Structure formats: C-alpha cells, structure tokens
Amino acid sequence: MTVAPSGEAPSRGSAVWLEGVGVRYGDAWALRDVDLEVGVGQRVALVGPSGAGKSTLLSLLNGTVLPTLGTVRVLGQDPTALAGRQQRRFQRRIGSIHQQLQLVGPLRVVHNVNAGRLGEWSLARAALSLVAPRDVGAARAALDRVGIPDKLYQRLDRLSGGEQQRVALARVLVQSPEIILGDEPIASLDPARGREMLDLLRGLAVESGTTLVVSLHAFELALSHFERVVGLRHGRVLFDCRPADVTPAAARGLYELH
Amino acid sequence: MAPVEEAAPEADLLVREALVGPGPAGVHRPRSRSRLVWAIAVGAAFVWALLAAGAGSRELVNPGGWPLLGRFAVAAVRPELGNDFLAIVWEATLTTLAYAVLGTAVSLVLGVIGGIVASRVWWHRRPRSGGWLAARGALGVPRAIHEAVWGLVLVNVLGLDPLVGVLAIGIPYGAVTAKVFSELLDEAPARGYEAMRAAGSGRLAAMAYGLGPEALPDMVSYAFYRFECSIRAATILGLVGAGGLGFQLSLSFQSLRYDEIWTLLYVLVVLGALTEVWSRAVRRRVGPAASVVGSGADLSRDRVLAGSVLGALALVALTASHLGVDPTTLWSGRSRGLAADFLGQALPPRVTGAALAELGRLTLETLQMAVLAIFLAGTAAASLALVGARRGAWGWAVRVLLLVCRAVPPPIWALLALFVFFAGPVPGALALAIYNFGILGRLMVEVVEGLDPRPVEGLRAQGASGPQAFLYGALPRALPRFAAYAVYRWEVTIRETVVVGLVGAGGLGRLLTDQLAAFDYPGVSLTLCALVVVTLAVDLAGAALRRVLR
C-alpha cells in the first residue's frame, strides 16, 4: 500500500522528496522513518489525529523545522543547507496557508495581500507601500479570484472568518509559489465554508499546476478534494494511497484510541 | 475566531487600566474618519504645547549651569561611601521601604472594601444604578490627587507623624486598586455566584465563595504591581518632607553634595530593580501571564508564591515597628482638632476672578507639560522598544537605561534639569519625559515580547527579510497598543506634573507649594478643586481617545 521512493536520487518530476526522515523534539519523536515523494502538480492531503506529526511534516517542507535524521529535498534543494539570500529565494517559491493566524489584524486587506510579495520586494518598497499601496492591480485581481474584490481597503479584523481565509489565499496567489502548504487551513470555518474554501484552493491549484500539500481534520473532504491521501499516526506513515483505495479499516485505525 | 487578540504577558493588568473603557471590547467600531480627527487634534496639541513652552522664543537655557552638571556627572564614579553616610542611607532606605509596604497594605484593605462596593455585582448589575455611580464617582476624587499632595495636606491634619506617609500612599492607591478590583470582580465568571445566590446565600458570602477565588490571582498580581509604584511614591513623599531616601536626596541637593546624591541614586536604582524582579517573579506565576508562561501554579502550592505572600506579611510587621506607626493617632483629640481647624480654614474655597485667571493659566501650563512630556517619551520609547525586546548586549543596555530612567522619580530629574534650564514648564516637561520614557519603554518592550509571533514567522517563512517582517507583521499590531499606553500615561502624568511643580518646575504644583508655605488654605482648596477637575476631564478625554484606538 505504501508508495515509497525507490532509494535513488529524486526524479526531476518531484516537488517534495523525503527519505528516512525523523524529527525529534527533546525525547519525543514527532516524525519517524518517513518516506514521501510528491510529484509536481500533485494534490496531497495529510490526515491523522492531533499530534500525529502533520504540522511537523509541513514545517519540514518550508524549512522552519530541520530533520534530526534523513534527507529532505524540496524543489530539488535541501532546505537545511540554505542561508541568507539563497534561503529567501527558496522560501519565496513556497506559499503557506494556515488558519488565519498568519494574517495581521490591524492592517488593511491590500497590505495583507501584498505581504505575499515581501520576498521579492526591497525594504524601501515594502515601507513605501504601507503609505501608498503598490501593485494594487494585482492585489485586486487576486481578491477577485477568491471572490471578495470589494474588500481591498478594509481593515482585516473587520472581516468575517471566511473572508479572512480568502485573504490568506489571495496572499498566496500574488506570491505565485510552486508549492502551497496548508496547515489545517479550514479548521476555523464551518463545514459549508470549509468545503467552499477547498473548492477554491483546488481550482486555483489545478489552473496553475501548483503542488498542494494540505493537512486536514475533515476526513471526508480529504477524500473528495485530493488525488492522494497520506495517513499519519504517532509520527509514522500509516497509509499513502488514492482516496478510492482508503479502506474503512485503515480510516478506523488512524483515529481509534490506543 | 479571534486572530488578532493577543496577550502581552506582563503588561496585561496595565492594559486593564489603559485599555478598558465603558462597554465590552470590540463592540464600538470607530470609523477611520474619527481617527483622523483625533490624529489632527493630537498633532495640534503637540504643536501648541511646543510653541507655548517657548521653543526658540524665550531664554530657556542657563549657560551657567553646564559646569554644575559637569561636576555632577563626574561625581558618578566616586559616590560617598563613608560609614556615617551609609548608616544614614540604610536608615533612609528602610523608611522608604516602610512607607511603600505599609502604604500598599492600606491600599489593599481599602481596595478590597471599595472594590466590592463599586462592583456592578454588588448593585445587582442594574444598568443605571445610582448607588454604583455614586461609588464609582467617590473613587474618582482621591485618585485625582497625587500622593505628594495628599502628604502635604495630611501633615496639616496629623502633624509630623509616620502615618502621613502611609496614608498619603494608601488613600489614592486604595482608590485606584478599588477601581481595578471592582472590574476584576465584574469580569470573573459568575455562574457559581449566581447559583449560590439562587440557593439563598447572601451577597458577601456568595462573592467570597463564587467570585473571590476567580479574581484572586489577578488581584495578587495587581497588588505586587502597586507595590512597585509605591516605592517610587515613597521616594517622592520623602522629597516633600516625609523622611527616607527622598528626604536625604533633597538635603544633598540643597548642599550640592553630588557624591551623596549619586550614592542615593544608586540605592534607588537597586531598590527599584529588586522590587521589579520580585514583582515580576510573582506576576509571572499568577494573573493573565501565568497561562502564557504555562506554569499556571496556584497560590498554596507554588513555593515562590507562598514565600512571597508570607514575606510580604512579615515586611508589613517589620516595617510597621520600624516606623513606630500608631493607628490611634487617627482618632486622637489632637488630630480631630487639627482636622477641624484645617477644614474650617480651607472651606469654602476662596473664589475670585484673579485667582481663577491664574488657575486657568497654570492649568494650561500643566496640560502643556504633560503633552510635551508624553510626546517626547512616547517617540523615544517606541523607537527603542524593538531593540529592548531583543536578547543580547544591546537589548540589555536598553533595558538598563529604561530601568534607571524610571527608578529615579520625576522631581529628581526636575532638580537635575533645573541645573541648566530656567524654572518653567520646560524642565518640568523634560523631567516627566525622562521618567515616562522609562515606564513607557518597559510597557512597549513587553508589548513587542507579547505579540503573537506567528504572523512574523509566517512572513519570514515565505521569504521576507527581518525588517520587512517587523514592518508588516509586528508594527501594525503594536502601534495601537503603544498609542493606548501613551494616552494612559498622559492621564497619569497630569497628576505627576504636580510633583515636578513642587520642586519649582512650574504648573499647578508650584502654586500649591507657595499656597501651603503661606498657610493660604482657602487658596489651597481652590487649587485642589482645579486639580480634580483637570484630572477627571483628562481621564474622560483619554478614555474617548483610547476607545478610538481600540
């Protein structure tokens, strides 16, 4: 059932390639013996109970957590080996959507969207834009695509939870990354808005051919919106297959207590 | 769903004072136009204060003062360390500590009683209860008068008695504490209380069982914060004659013994640092910060907490015997006679056209000093807060600078400023600016430290540089709080302008000193009325301004 990388160097078509990866926090292993290859343009859902290692896995991919063991390659590069300018250039190619926690409440929507460009902007341009917003056209277009074009100059904390989540998506759009990572991006939304959000995310990813790796608590949505589902438990990969191949027994094994 | 709420650990109880206004947070949503109006008003006030303080027009600097200041600076490296003087300093330190400890104790007793009576719960949460409004209003007056002024007035009632210093701190601090305690009681989860009331329990018993335990950690935390403030207040009281470090400082200033001044300043800084370390250790373990730090210890089990509470009680006993406080003085025949005399002479206030005109002029001067001081202090503190929040040598240096600035009370800074400035609002504003820089800087550093790091981390993770991430992720969230603190300190500083006035730096304080020296009690009571009115007016303006900032 497990699709493990074959042990040789990552193929050209892979966006993410992990081999024998383990991450330890103090005495506890957050991830162990993880092998995972994600092809360019693939849409992968990570599922599993709280504490299974989903967030740690995503943090490995954007380079904010370093592996204790094993090899990590993202977009053909080793995130642990990068520093300074090179690291910034690498991070620019990876976008993240979390629960709205990464947004800045007192800032207007246009600035929250433009924050997606900070990786390419100079400091002077970033500072100037806070006074006289730059690239308003692109920001408006991104908001248009996520369905809230009229909120451009509103303060973010005046928006509803669902609208804030759309702003987070618009920010990733103007960043136009090659991989989008999502850490429970719909955890704070009601089921209907969560589904709508995933519809939107999937549509945008398909349209631009962006690789998608998203952790989800909503098991049904993982099956309906992604082409591959990876089940994690206690830091290990329990299953890794197409949604159609996830057996009820595997699903039960993922969440059952003990 | 609240992505923008965040806790600034240490500062949370101050936030309560600074940010809490009428109505639950977030209900009132000011439009940006009212913000713009306020921004223009604030800018105009600053320009007005700057012009009126005589920027460029009058002769401000006394060139003859520079050599004095130079000699003073040189003495920093050789403070007076003779045995005789050190003995005096030790005695003075104990006295100052005693005033602070006993003053805090009195304020807590008053605060608990007043807090219960001024809480909405006590008045059955009726929306417009006359009793509640009266209780709240009654707390406003003692709060509006500075500790030093209380001291000057109480001397006339109790004579030269150590109780003067204790009550001068206890009464105004008791009123502030009562206000905060009443809010804590009203915000505590009330289900237990309601259930007990429904089961037929009396109000007090139900509060003691249902609300008290919920509010206690925050109350303890606030009590220790008040103790920090009391140390500063006790020093200032010394300057107006109550003995202790402040009194020794005023003597050394009069005889221009710079070496002695430095010894006393060093003691003040160390005393301030020790109190803050103690207070922080306690407040980290209780109150809103505890959940952030993750210890969540309760009062009886945590060793530091239990030791601190026992130590505080022991300090009360020790310092009471050191001062030789005798509460019976309060109701002795002599005190009653003096009080009757004082009130008989002071009331009614003598209201004349000339007196009102003079009061109006000095009130404006007081306002200008406060505006100028907070503008300077706020700008400096905001620009250093980021550095102060960093680890490493620079962060440490900034934090020490801030500590020194706030450990030395404003009248001392004023006396130093008077070396090189002619008496007037400028040295007063400068002294208040330095002191408030220390206080605001600490609060702002705590704001930066307490910010939710996720937005900044998120920006860093997608390739933003450090300064960029600060600009987009941290500053927009910190600025409203910075501004709210500045406004809050402006309100407090209105009270403190009086104490720099006491040493001759202008404003209403100077008038009050002159009137007291001339035994002009009807004039004194009029000036006190003016002080109360100005303070309450500024409180209202400040509350409105802070609502706009929220």
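The values are calculated or read from the model by the stated rules, or taken from the named source; none is laboratory data. Computed from a predicted structure; not experimentally measured. Here Cβ is always computed from backbone atoms with ideal geometry, including for glycine, and neighbour counts include all displayed protein chains. Just so you know, the surface numbers come from the protein's heavy atoms only, side chains and all, with ligands and any DNA or RNA stripped out. Shrake-Rupley method; radii C 1.70, N 1.55, O 1.52, S 1.80 Å.
Given the C-alpha atoms of chain A, compute the convex hull and give its volume per residue in Å³.
Given the Cα convex hull of chain A, per-residue volume reads 135 Å³.
Please name which of B:A215, B:C405, B:L459 has its Cα lying farthest along the dipole of chain B towards the positive end, using unit charges on Cβ (Lys, Arg +1; Asp, Glu -1) and the Cα centre as origin.
Result: B:L459.
Report, in debye and to the nearest 20, how large the dipole of chain B comes out about its Cα centre when Lys and Arg carry +1 and Asp and Glu carry -1 on their Cβ.
Rounded to the nearest 20 debye, it is 1520 debye.
At B:L343 and B:N83, where each label point lies 7 Å from the Cα along Cα→Cβ, what is the point-to-point distance in nanometres?
Simple spin-label model gives 5.2 nm for this pair.
Select from B:H124, B:I88, B:L264 the residue farthest towards the positive end of the dipole of the protein assembly as shown; place +1 on Cβ of Lys and Arg, -1 on Cβ of Asp and Glu, and compute about the Cα centre.
It is B:H124.
Relative to the Cα centre, what is the charge dipole magnitude of the protein assembly as shown, using +1 at the beta carbon of each Lys and Arg, -1 at the beta carbon of each Asp and Glu, and rounding to the nearest 20 debye?
1460 debye
How large is the helix-only mean residue ellipticity at 222 nm for chain A, computed as the sum of -39500 (n - 2.57) over DSSP H runs with n ≥ 4, divided by its residue count, in deg cm²/dmol to the nearest 500?
-10000 deg cm²/dmol
Quick one: accessible area per residue over chain A, 1.4 Å probe, rounded to a whole number of Å²?
With all protein chains present, chain A gives 44 Å² per residue.
Once all Cα-Cα distances of chain B are split into 20 Å bins that start at 0, what whole-number percent is in each one?
Taking all Cα pairs of chain B, the binned fractions are 20, 57, 23, 1 percent.
Can you put A:L169, A:L123 in order of accessible area, largest first, using a 1.4 Å probe?
Greatest to least solvent exposure: A:L123, A:L169.
Distance between the C-alpha centers of the range A:218-258 and the range B:401-476? Whole Å please.
The distance from the Cα centre of the range A:218-258 to that of the range B:401-476 comes to 52 Å.
About the Cα centre of chain A, how large is the charge dipole given +1 on each Lys and Arg Cβ and -1 on each Asp and Glu Cβ? Please answer in debye to the nearest 20.
In total the dipole reaches around 860 debye.
Putting +1 on Lys and Arg Cβ atoms and -1 on Asp and Glu Cβ atoms, find which of B:F470, A:T64, B:A44 reaches farthest to the positive end of the dipole of the protein assembly as shown.
Checked the options; the winner is B:A44.
Interface size between chain B and chain A, please: total buried accessible area, 1.4 Å probe, rounded to the nearest 100 Å².
What B and A bury together is about 2500 Å².
Taking the Cα atoms of the range A:123-170, report the difference between the largest and smallest coordinate on each principal axis, in whole Å and largest first.
32, 21, 16
Pick from A:G203, A:G194, A:G137: which is most flexible by mean-square fluctuation in a GNM of chain A where alpha carbon atoms under 10 Å apart are linked?
A:G137
Non-local amide H neighbours of A:S14 (under 5 Å, H modeled in plane, Pro and chain starts lacking H): which ones?
Result for A:S14 returns A:V40.
Hey, any idea what % of chain A's accessible area is carbon plus sulfur with a 1.4 Å probe?
Carbon and sulfur together cover 50 percent of it.
Tell me what chain B gives for mean residue ellipticity at 222 nm when only DSSP H runs of n ≥ 4 count, each as -39,500 (n - 2.57), the sum divided by the residue total, rounded to 500 deg cm²/dmol.
Rounded to the nearest 500, the figure is -25000 deg cm²/dmol.
Each residue of the range A:151-160 in order: what ³J(HN,Hα) in whole Hz does its phi give by Karplus 6.51 cos²θ - 1.76 cosθ + 1.60, θ = phi - 60°, with x for Gly and Pro?
After applying 6.51 cos²θ - 1.76 cosθ + 1.60, I find 9, 3, 9, 7, 6, 4, 6, 8, 8, 6 Hz.
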